[in-house]
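**Student:** Got a structure for you, written out below as structure tokens; questions coming shortly.
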Ligand code: 13P
Ligand code: SF4
């Protein structure tokens, strides 16, 4: 196999690209020991130029979850956001190729919704502790135990689990969708902590549902504790605490706002406060530092090891020549059954 020579860019092209990256990234400092100074941006410029050229040549788009590195989001991304927004982008994409810089379940969702596109992932190891916690066979066993229950699966699940479910939900629409299901009993997979948050929210809304949960958790969000919040509030008066519904119900109860990564960004942008504590993945803090540089964040965010497997080098390589394991393929029967739950999610999501 011959490897194509890397493209050569002129010093002027490289300088202009380094300027663009530096302007986009200069306010990001959430990762200890990493700065996007001008020299670092000049070092990234050949990569981002090549990736953006390969994208044009191949009619590809790069969808980026807010948790991946900022040089991916702002250097080569065509869309950035939470899993609901990115699933809409994948559904509506007309590109021949979708590179999903996120985790594998998100790329599978893109393939379910956009079957004609070639969907690739930079790193096949980018799993998710929630998606990996339950199989389609496990869901079938649960369904046999609770035949009268509607099955709602969080989007952080494999295509096989989606195929066994009646409806899919994301962190942004979970409460509204579960509340709207006609069945009283709901089998909620795979996030046990989100299920606790759904129970609490539906109780608050006066909606009578029995929620049966499986036993997955997010290894990033299940780490935060109410003690972290109390200690931070004591040190930073006026602090606003912002949490994701994958956190425990105790953490959610002690937070000022609980919502999807998209909702968390919106809340911070709209809220005047001296400090924010973001109980989520650090990538979201990086996005906020770029898009709302006046806001101040105290430490406390955590890194998702799966999201951090994405890199510019891997995106370039998957565009140059994808390995078979980087291309998402799905059994067509599984894809069609999984698509039904996603389409129902789009119908039930409030505008
Ligand atoms: P969002 O849908 O809020 O983007 O969450 C996805 C995720 O993996 C959070 O851990
Ligand atoms: Fe999965 Fe948690 Fe990582 Fe999100 S942050 S991809 S839920 S492990």
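**Student:** Classify the chain as rounded, prolate or oblate from the Cα gyration tensor: take a ≥ b ≥ c as the square roots of its eigenvalues, call it rounded if a/c is under 1.5, otherwise prolate when a/b beats b/c and oblate if not.
**Tutor:** oblate
**Student:** Once the principal axes of the Cα atoms of the range 57-114 are found, what is the range along each, listed largest first in whole angstroms?
**Tutor:** Projected onto its principal axes, the Cα set of the range 57-114 covers 27, 26, 16 Å.
**Student:** Continuing with the same structure: If contacts are Cα pairs under 8 angstrom and at least 6 residues apart, what is the relative contact order of the chain in percent? Write out the running numbers ahead of the final one.
**Tutor:** Working: 678 pairs, mean separation 70.4, N = 351.
About 20 percent, as a whole number.
**Student:** Compute the separation of the alpha-carbon centres of the range 63-104 and the range 155-175 and state it in Å as a whole number.
**Tutor:** 19 Å
**Student:** Work out the FRET efficiency for residue 56 and residue 271 from their Cβ-Cβ distance, taking R0 = 30 Å, and round it to the nearest 0.05. Working shown, then result.
**Tutor:** Values: r = 39 Å, r/R0 = 1.29.
According to the calculation, E is roughly 0.20.
**Student:** Once you have a ≥ b ≥ c as the square roots of the Cα gyration tensor eigenvalues for the range 201-351, tell me rounded if a/c is under 1.5, and otherwise prolate or oblate according to whether a/b is larger than b/c.
**Tutor:** Details: a/c = 2.05, a/b = 1.28, b/c = 1.60.
Taking the square roots of the gyration eigenvalues as a ≥ b ≥ c, the range 201-351 is oblate.
**Student:** Continuing with the same structure: For the range 25-145, what is one quarter of the convex hull surface built on the Cα atoms, given in nm²? Spell out each step's value before the answer.
**Tutor:** Details: hull surface 37.8 nm².
With the hull built on Cα positions only, its mean projection is 9.5 nm².
**Student:** Same structure, new question: Which three semi-axes in whole Å describe the equivalent ellipsoid of the range 124-208, each the square root of 5 times a Cα gyration tensor eigenvalue, listed largest first? Working shown, then result.
**Tutor:** On the way: eigenvalues 91, 49, 20 Å².
Largest first, the range 124-208 gives 21, 16, 10 Å.
**Student:** Then there is this: Given the alpha-carbon gyration tensor of the range 192-263, what are the semi-axes of its equivalent ellipsoid in whole angstrom, ordered largest first, with each equal to the square root of 5 times an eigenvalue? Mind dumping the intermediate values first?
**Tutor:** Working: eigenvalues 107, 41, 21 Å².
Whole-Å semi-axes of the equivalent ellipsoid: 23, 14, 10.
**Student:** How many nm is it between the label spots at residue 323 and residue 26, if each spot is 7 Å from the Cα in line with the beta carbon?
**Tutor:** 3.9 nm
**Student:** Run the simple label-point estimate for residue 208 and residue 137 please: 7 Å along Cα→C-beta, distance reported in nm.
**Tutor:** 3.9 nm
**Student:** A further question on this structure: Rounded if a/c is under 1.5, else prolate if a/b is larger than b/c, else oblate: which is the range 12-73, with a ≥ b ≥ c the root eigenvalues of its Cα gyration tensor?
**Tutor:** On the way: a/c = 2.67, a/b = 1.28, b/c = 2.08.
Cα axes put the range 12-73 in the oblate bin.
Quick note: the coordinates plus some simple rules give every number you see, no bench work behind them. Here the structure is a predicted model, which is why all the values come from computation and not from measurement. Because the Cβ atoms are built from the backbone with ideal geometry, glycine has one as well, and the counts that use them run over all protein chains shown.
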